[in-house]
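The values are calculated or read from the model by the stated rules, or taken from the named source; none is laboratory data. Values in this document were obtained by computation on a predicted structure and should not be read as measured data. As a convention, Cβ positions derive from the backbone with ideal geometry for all residues, glycine included, and neighbour counts pool all protein chains shown. These area figures cover heavy atoms from the full protein model, side chains too; ligands, DNA and RNA do not enter into them. Shrake-Rupley method; radii C 1.70, N 1.55, O 1.52, S 1.80 Å.
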Amino acid sequence: MRNNMTNLKMLKRRGRNQGHVLIEFVCFAFWLLLFMYITTDVTVLLLGASANDRACRDAARAAAHGSNPTEARNLAETSLKAHVGGGFFTSPPTLFGNITYNDYAGNPPAKQTPYVIVETRSTAKLPFAPLVYLNNGFTQAGSYTFSRTYAFPIVRFRYAT
């Protein structure tokens, strides 16, 4: 009889412990899901910023090979076509504004280098709930616009004669 009572007490204790495990599992699953959403959003933001940075650097490098502003813009646009990507969450980078092409009219001042400045913009759509961090940079719910500017020295420079 005593042995049966001991077994019954152990079964009751085991049942109580299993209830606590279920509550802990539900809480853990909630936090794991929340962290997964945040991690996915941050990953999309990082990939979008990295893609825009690479595209802007390549576009500025290509524009530096132009011998005039029109050719520089055409070279930059052609370079950006290689970065269209196939992403659903990020838009292809585009040139923003005019390219600054400063060749000093063929007479650069002492210790100055002719340069070209290119700015690109790209937008990333967040797959899950939008991250709101002090309302910084989000243009609409769930999207973020990246902007990057690069300056390169002009390679094909013509001196005024």
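Could you compute the net charge surrounding CYS56? Neighbours are other residues with a C-beta less than 12 Å from the C-beta of CYS56; K and R count +1, D and E count -1.
+2
If you put +1 on each Lys and Arg Cβ and -1 on each Asp and Glu Cβ, how big is the dipole of segment 20-78 around its Cα centre, in Debye rounded to 20?
200
Run the quick spin-label model on ARG57 and PHE88: label points 7 Å from Cα toward the beta carbon, then report their separation in nm to one decimal.
Spacing of the two 7 Å Cα→Cβ label points: 2.9 nm.
Using a 1.4 angstrom probe with every protein chain in place, what is the largest-first accessible-area order of THR149, THR70?
So the residues, ranked largest to smallest area, are THR70, THR149.
Between PHE96 and SER67, what is the spin-label point distance in nm, taking each point 7 Å from the Cα along the Cα→C-beta axis?
If labels sit at PHE96 and SER67, their model points lie 3.3 nm apart.
Working out 0.36 nm times the residue gap between LYS125 and PHE28, then minus their Cα-Cα distance, what length gain in nm do you get to one decimal?
32.1 nm
How many nm is it between the label spots at THR78 and GLN112, if each spot is 7 Å from the Cα in line with the beta carbon?
2.9
Which order do peptides 92-100, 26-34 fall in by mean Cβ count within 10 Å, highest first?
92-100, 26-34
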